[in-house]
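Novice: Below: one structure in structure tokens.
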10 protein chains.
Amino acid sequence: MLKRIPNILSPDLLKTLHEMGHGDEIVIGDGNFPAANYANRLIRCDGHNIPDLLAAILELLPLDTFVDKPVTLMQVVDEQNEPTPEIWHEYKDILSEFQVAENQIDHEERFAFYERSKRAYAIIATTEKALYANIILKKGVIS
Amino acid sequence: MLKRIPNILSPDLLKTLHEMGHGDEIVIGDGNFPAANYANRLIRCDGHNIPDLLAAILELLPLDTFVDKPVTLMQVVDEQNEPTPEIWHEYKDILSEFQVAENQIDHEERFAFYERSKRAYAIIATTEKALYANIILKKGVIS
Amino acid sequence: MLKRIPNILSPDLLKTLHEMGHGDEIVIGDGNFPAANYANRLIRCDGHNIPDLLAAILELLPLDTFVDKPVTLMQVVDEQNEPTPEIWHEYKDILSEFQVAENQIDHEERFAFYERSKRAYAIIATTEKALYANIILKKGVIS
Amino acid sequence: MLKRIPNILSPDLLKTLHEMGHGDEIVIGDGNFPAANYANRLIRCDGHNIPDLLAAILELLPLDTFVDKPVTLMQVVDEQNEPTPEIWHEYKDILSEFQVAENQIDHEERFAFYERSKRAYAIIATTEKALYANIILKKGVIS
Amino acid sequence: MLKRIPNILSPDLLKTLHEMGHGDEIVIGDGNFPAANYANRLIRCDGHNIPDLLAAILELLPLDTFVDKPVTLMQVVDEQNEPTPEIWHEYKDILSEFQVAENQIDHEERFAFYERSKRAYAIIATTEKALYANIILKKGVIS
Amino acid sequence: MLKRIPNILSPDLLKTLHEMGHGDEIVIGDGNFPAANYANRLIRCDGHNIPDLLAAILELLPLDTFVDKPVTLMQVVDEQNEPTPEIWHEYKDILSEFQVAENQIDHEERFAFYERSKRAYAIIATTEKALYANIILKKGVIS
Amino acid sequence: MLKRIPNILSPDLLKTLHEMGHGDEIVIGDGNFPAANYANRLIRCDGHNIPDLLAAILELLPLDTFVDKPVTLMQVVDEQNEPTPEIWHEYKDILSEFQVAENQIDHEERFAFYERSKRAYAIIATTEKALYANIILKKGVIS
Amino acid sequence: MLKRIPNILSPDLLKTLHEMGHGDEIVIGDGNFPAANYANRLIRCDGHNIPDLLAAILELLPLDTFVDKPVTLMQVVDEQNEPTPEIWHEYKDILSEFQVAENQIDHEERFAFYERSKRAYAIIATTEKALYANIILKKGVIS
Amino acid sequence: MLKRIPNILSPDLLKTLHEMGHGDEIVIGDGNFPAANYANRLIRCDGHNIPDLLAAILELLPLDTFVDKPVTLMQVVDEQNEPTPEIWHEYKDILSEFQVAENQIDHEERFAFYERSKRAYAIIATTEKALYANIILKKGVIS
Amino acid sequence: MLKRIPNILSPDLLKTLHEMGHGDEIVIGDGNFPAANYANRLIRCDGHNIPDLLAAILELLPLDTFVDKPVTLMQVVDEQNEPTPEIWHEYKDILSEFQVAENQIDHEERFAFYERSKRAYAIIATTEKALYANIILKKGVIS
């Protein structure tokens, strides 16, 4: 443990966030996400949900302000009939604390989301149980 | 994630508990325990406290009934003046659910505890903040 | 060995099943299956037949309920003249204990089965001697 | 799988038995034996009992005829009051098929047995459930 | 060394033959074969010729009876003018001891033979000096 | 780079500081310190002097308040005739910003300092040119 | 540290520059460059800016005189409206000390620069904060 | 060092030459050749020129007599105006000692030479300073 | 294979003999020697007897002429009643070809021989079947 | 190759010299020195003699001026009757160019020299043929 570092961030996760550069992406996958199968670099956070991790990561990781939408969620399959997932409201609140507005959040169709995850710098495996909870963050710059 | 397995137990922790044999010991260290320095095998559980992990582990790991005291805590330095650590009450409750009585809990002086940890099969690094929270479990038999 | 875990499941197999995510596949190959050649991750279970392993795995591994057929067998080459393999009746019985009906079992032509095995998360090598005994399981979700 | 090789012997176990020389020892540990902790080389045979493995190994591995007792069991703790373990009768029958008489079987006190296991060439981890089932074999010569 | 195992078979070669499955191929290359360059798995048998190895391997390795020609030789470049290589007669005799008739032997053009070798499960490097001595074996089933 | 993290701290150094526990020590060696020879874990910071690193590290690393002297310098060989090294004044100023008083700084004889460095969790290799600049920090607790 | 070697050059960086041959390229990336993601070989120089490194490297590394432009910068996105980056003037001065004139400096569009970086022999990660500071050097010959 | 082995041949180089088979190629690169970048297997011979190495290698390595030109040089760029490189005369003399005539030497255009080097079994990095000194040898047979 | 190198010497064995220095020892163990257990570096020569290897090795490896007895055999246990092993006559003949007289051969008691083998640079595992065939060679100098 | 760096110094040797700190020792062994056996880190310089290497190394490596004798040779066994080795005169000349006088050269008895070599940071293996040519250098400081 260190001063200033939320204790949910393991040494490996901290090192990984640090190594990432402008435009690199990290996926926070839910408990059923095939993280071990798709990840270039795998970081396990068993026993944790995504909102706790997301808030801790954003304390250290700047988001990309050079693109319109630095945050990406997995599209709801049947958008017309399914309600907006509950957890997205939590995400919206956390992101707004870090100056990310709702219209800066992108949505990617499920299989496109998978393909993009395979190219990401790293995937975090959580045990989040909410549906449609997977989220991709694009790193911004430290100036 | 799997059926029957508490989701706080990572694949590596599960594998480690499975590999251990009768008499092997595992240490659950608090957030300041020098786990990376002392461990033969290190398992990180950043962001978790010990009671949650202890309860989950005991669902799978049998304790040694061949010895009088299969559980060991780190002795309070000034036993006469310091009160019993709060977290020990939590441990007592969890252990009693698994048929371990209070008199089956041993106490080891701090530096002896460290030396024993270096010989343990594995050490789990948590971010538990309570004092005197480190705990050693001795594995029993499956019959 | 651990409580709740069938003892036929090795630490490595248990860890592998745990790491898999929704939609990942695992192949249980018979004794002549070219497992070492095709596997991304190889788990050997020498001396075991497939039904024992299948039953043990299904106690922990949820099958995918998002697809019609989460279980796949290798197609009999001459379906018109060869009888249904004996071992499939055993599989049907085991699967029905886990709420998988016969019509949820798919059949894949031999060489397509091989290609799919090469993409699977893992292959288990058994010494099962029955013909047409190879089987693919698609992991479902823990909710 | 190969001709002449019992299918309970994995490629790794076969290779290990082959590599051993005259006087090298291999331990077959029961399901609670701390095999992963003590082994120089660990071979897992989850789901198997010891008699099946013992019989298969002896088909290939010659025992040492230069020493009086090439086979060693773990001594019963309270020899006067505990009956001879059931499984020892099975061992006796298997060993006699390979020309090893009962008086060629040694007995080693529990902790001495552990220390000797740590020096052995390899340890096999089974899930044998019988008590006092651990056994050490000393390899002989091929002439 | 082990009972029943020809002593020309090293622990690694034995393990490799064991791991192979139905349809996997192994190449026995002569002393000038670019084995280290082409092999997925390389097994060196320096100082040995091919007939000795072939005979030893066939004592353990079943050949594929599901294909017409489980054995493949490298085609003589100028078939009309070059005589049948002497060593093929030796091979024929050895193979016939294992129920492989001459018409079950295939011939592959030199560069096609090389390409196929690169896909084989393993290549054995011998120091055989005869010309046209390279040989591919396709593993069959143990039933 | 990350928010809140001084950019002189590399991902590996950050990870190492994070992994350390209460009582673990880290050495910051000068440009001539035999760091690669003595280190359990080596972290290179070529091109940097020690004061810059020290100040950055102390922003994240708590010092041990359970011991009287959590900071150790290498003793001046001829204390009576040599003046106090200039760089020690810089250290004093930096340490006082982090509530470490001058009397909390220990001094260790040169060869004892070397032996202690070999047992430290990690050694940082700088290119600091000042004499008597080596410094050992003992990690404290996060509460 | 060594005589003649600027101390900002770590042992790994020195070894890497030495190994490179005629025509091989090395990228010096700024603090936000996705170096860890793109690099065939990654060399971290945390806490350093690019001009200090560039000057030190050019003391040892000859530039390619067989091509017109052995140095490449990342093109300014909006060349018509953005001023020439300040840091380029520093680069020009350093390069001119090593006989590289301004017209020997090439400019590569951002995404082409990234693709070329992925093929470079190595990437150096600095914490340079200036914009458009990334630079590629093509090694020349020692004669 | 060994009897019969020129002492310029390191253990690794000797092993590599031995492992190569008929038709495999080895490149001896000059001091500016991008050997570390292109090599499947890299062997460094710093401080040596090529003629010394070439002569030593040819004492052990047979050249391919099945092809017309078992030796390849890098083509002079401007063949009409540049004189034949001095070092080629040295090569001719050395090669003629090993029964390779001048017309058995091929010439490959620079970039084709590079591409072929990337496919070679190994590349030797020398510090030869002569121009057009790179040379490829194709191994022949030992009969 | 290479010119001048007996083909029984594998690339690894050749490299090992080359690396050894003055005074380093290599053990050639018989088929029952516990080579894999005792060796610092293990070289397998399955299928070969010792005289063939010994003769090939001595073509390249100089023996130590600075000591009285550069060759060591394992002492016959019951020297008074057991005849001199047959294979020693073969050794004597081979050694005399390399100017080693019978009185330059030492004899070491069995367990002392084992301990010395553990300190040797390498052990060669053969499948030699003769008794008392193990032999230690001490490398001499190339001048 | 690099500017300012003698081309006899390989990338690995350069890196090693750089990593060494004040007081660390490097051994330059002759062609018969058991370098591979004794070295913590081995650097091969096959085909080179020691004077060439020594001169190149001293261009970069400062010797220790804090001790009386930063250079050590292996003592002549029979000092009274053997002449001073020729090569020592060469060494004296090279060392004097780097301000090391003859009385700063120590001599260590053969077996003490070996023991000290085992503790050295690195050993360089040359093919120097002169007797008594081994030499130990103790690194000094860069100030």
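The values are calculated or read from the model by the stated rules, or taken from the named source; none is laboratory data. For clarity, every value in this text was computed on a predicted model and none was experimentally measured. Note that we place each Cβ from the backbone using ideal geometry, even for glycine, and neighbour counts take in every protein chain shown. Just so you know, the surface numbers come from the protein's heavy atoms only, side chains and all, with ligands and any DNA or RNA stripped out. Shrake-Rupley method; radii C 1.70, N 1.55, O 1.52, S 1.80 Å.
Novice: Taking the stated definitions as given, is C:Ser143 over 20 Å from C:Pro11 (Cβ atoms), modelled with pLDDT under 95 and not in a strand (DSSP E or B)?
Specialist: The answer is yes for C:Ser143.
Novice: Search the stretch H:55-94 for residues being over 19 Å from H:Leu13 (Cβ atoms) and of a type in the set (A, V, I, L, M, F, W, C), and hand back the single one that is surrounded by the fewest Cβ atoms within 10 Å (Cβ to Cβ).
Specialist: So, considering only residues that are over 19 Å from H:Leu13 (Cβ atoms) and of a type in the set (A, V, I, L, M, F, W, C), the one surrounded by the fewest Cβ atoms within 10 Å (Cβ to Cβ) is H:Phe66.
Novice: Any idea which of (1) within 20 Å of D:Tyr121 (Cα to Cα); (2) in contact with a Lys or Arg (Cβ under 9 Å, 6 or more places away or on another chain) is the one I:Glu102 doesn't satisfy?
Specialist: The number of the failed condition is (1).
Novice: Mind checking which residues of the stretch D:7-19 are closer than 25 Å to D:Ile87 by Cβ and either of a type in the set (Gly, Ala, Ser) or touching a Leu at 6+ places or on another chain (Cβ under 8 Å) (or both)?
Specialist: Once the filter is applied, which keeps residues that are closer than 25 Å to D:Ile87 by Cβ and either of a type in the set (Gly, Ala, Ser) or touching a Leu at 6+ places or on another chain (Cβ under 8 Å) (or both), the stretch D:7-19 yields D:Ile8, D:Leu9, D:Ser10, D:Leu14, D:Leu17.
Novice: For G:Asn49, indicate whether it is in contact with a Phe, Trp or Tyr (Cβ under 6 Å, 6 or more places away or on another chain), over 30 Å from H:Gly47 (Cβ atoms) and modelled with pLDDT of 95 or more.
Specialist: no
Novice: Another question, then. Does D:Glu108 fit the bill of being under 22 Å from D:Leu17 (Cβ atoms), touching a helix residue (DSSP H, G or I) at 6+ places or on another chain (Cβ under 6 Å), crowded, with 17+ Cβ neighbours inside 10 Å and not basic (Lys, Arg)? Walk me through it before giving the result.
Specialist: Details: under 22 Å from D:Leu17 (Cβ atoms): yes; touching a helix residue (DSSP H, G or I) at 6+ places or on another chain (Cβ under 6 Å): no; crowded, with 17+ Cβ neighbours inside 10 Å: yes; not basic (Lys, Arg): yes.
No: the conditions fail for D:Glu108.
Novice: Does H:Asp12 qualify as being among the charged types (D, E, K, R) and in a helix (DSSP H, G or I)? If you could, list the steps in order and put the result at the bottom.
Specialist: Numbers: among the charged types (D, E, K, R): yes; in a helix (DSSP H, G or I): yes.
Against the criterion (among the charged types (D, E, K, R) and in a helix (DSSP H, G or I)), H:Asp12 qualifies.
Novice: With G:Ala55, G:Ala35 as the choices, which residue is touching a strand residue (DSSP E or B) at 6+ places or on another chain (Cβ under 7 Å) and within 14 Å of another protein chain (Cβ to nearest Cβ)?
Specialist: Numbers: G:Ala55 fails: touching a strand residue (DSSP E or B) at 6+ places or on another chain (Cβ under 7 Å).
Within the list G:Ala55, G:Ala35, the selection yields G:Ala35.
Novice: What about B:Gly29, is it at positive phi and at pLDDT 95 or above? Outline the logic, then answer.
Specialist: Values: at positive phi: no; at pLDDT 95 or above: yes.
It is false that B:Gly29 is at positive phi and at pLDDT 95 or above.
Novice: Restricting to the stretch D:115-130, name every residue that is more than 13 Å from the chain's Cα centre (by Cα) and open to solvent by 20 Å² or more (accessible area, probe 1.4 Å).
Specialist: Just the residues of the stretch D:115-130 that are more than 13 Å from the chain's Cα centre (by Cα), to begin with: D:115, D:118-119, D:127, D:129-130.
Of everything in the stretch D:115-130, those that are more than 13 Å from the chain's Cα centre (by Cα) and open to solvent by 20 Å² or more (accessible area, probe 1.4 Å) turn out to be D:Glu115, D:Lys118, D:Arg119, D:Lys129, D:Ala130.
Novice: Here's another thing I want to ask about it. Mind checking whether some residue in the stretch F:61-81 is more than 20 Å from F:Asp106 (Cα to Cα), more than 14 Å from chain B (Cβ to nearest Cβ) and either part of a loop (DSSP other than H, G, I, E, B) or free of Cβ contacts under 8 Å to residues at least 12 places away in the same chain (or both)?
Specialist: Taking the stretch F:61-81 first, the residues more than 20 Å from F:Asp106 (Cα to Cα) are none.
No, the stretch F:61-81 contains no residue that is more than 20 Å from F:Asp106 (Cα to Cα), more than 14 Å from chain B (Cβ to nearest Cβ) and either part of a loop (DSSP other than H, G, I, E, B) or free of Cβ contacts under 8 Å to residues at least 12 places away in the same chain (or both).
Novice: Please state which one of C:His22, C:His48 is outside any strand (DSSP E or B), more than 9 Å from chain E (Cβ to nearest Cβ) and closer than 19 Å to D:Leu14 by Cα. Write out each step before concluding.
Specialist: Working: C:His22 fails: closer than 19 Å to D:Leu14 by Cα.
Just a single option satisfies the conditions, and that option is C:His48.
Novice: Would you check which residues across the stretch J:8-19 are within 13 Å of G:Leu60 (Cβ to Cβ) and facing chain H (nearest Cβ under 8 Å) and list them? Steps first, answer last, please.
Specialist: Residues of the stretch J:8-19 that are within 13 Å of G:Leu60 (Cβ to Cβ), as a first pass: J:9, J:11, J:14, J:18.
Listed by number, the residues that qualify are J:Leu9, J:Pro11.
Novice: Give all pairs with beta carbons closer than 6 Å in which a residue from the stretch B:3-23 that is open to solvent by 10 Å² or more (accessible area, probe 1.4 Å) meets a residue that is among the hydroxyl-bearing types (Ser, Thr, Tyr) and part of a loop (DSSP other than H, G, I, E, B); count only pairs at least 6 apart in sequence or on separate chains.
Specialist: Matching pairs, first to second residue: B:Asn7/A:Thr127.
Novice: If you don't mind, another one. Could you check the stretch G:90-140 and list, in sequence order, the residues that are among the β-branched types (Val, Ile, Thr) and part of a helix (DSSP H, G or I)? If you could, list the steps in order and put the result at the bottom.
Specialist: Taking the stretch G:90-140 first, the residues among the β-branched types (Val, Ile, Thr) are G:94, G:100, G:105, G:123-124, G:126-127, G:135-136.
Selection gives G:Ile94 alone.
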